[in-house]
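Participant: Have a look at this one before I ask anything.
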Amino acid sequence: MGHMRPVITDIYAAAAHSGIRPGTLRQRLRRGTLTHHGYDRHGRALIDLNELVTTPTNEQHTDAA
């Protein structure tokens, strides 16, 4: 398999696509777990959707009981 082309979008579109809160995405940018790809013309941070790994977070866990 070849390298996937980046899908660059702002954090709000990424949040809508992934279900991850924008604040969580901003925190991941600060911590360096997401690559920052600049800003759009409205000043919103840009990230690559391919970097959003679909692993469960504490917000997504539910009790079965």
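Participant: Checking H61 against (1) modelled with pLDDT of 95 or more; (2) over 10 Å from the mean Cα position of the chain (by Cα), which single condition isn't satisfied?
Facilitator: It fails just one condition, (1).
Participant: Give just the number: which of (1) modelled with pLDDT of 95 or more; (2) surrounded by 14 or more Cβ atoms within 10 Å (Cβ to Cβ); (3) of a type in the set (S, T, Y) does Y39 not satisfy?
Facilitator: (2)
Participant: Restricting segment 1-20 to residues that are in contact with a strand residue (DSSP E or B) (Cβ under 8 Å, 6 or more places away or on another chain) and modelled with pLDDT of 90 or more, which is surrounded by the fewest Cβ atoms within 10 Å (Cβ to Cβ)?
Facilitator: Only one residue tops the list, namely H17.
The values are calculated or read from the model by the stated rules, or taken from the named source; none is laboratory data. Here the structure is a predicted model, which is why all the values come from computation and not from measurement. Cβ sites come from the backbone with ideal geometry, for glycine too, and all protein chains shown count toward neighbours.
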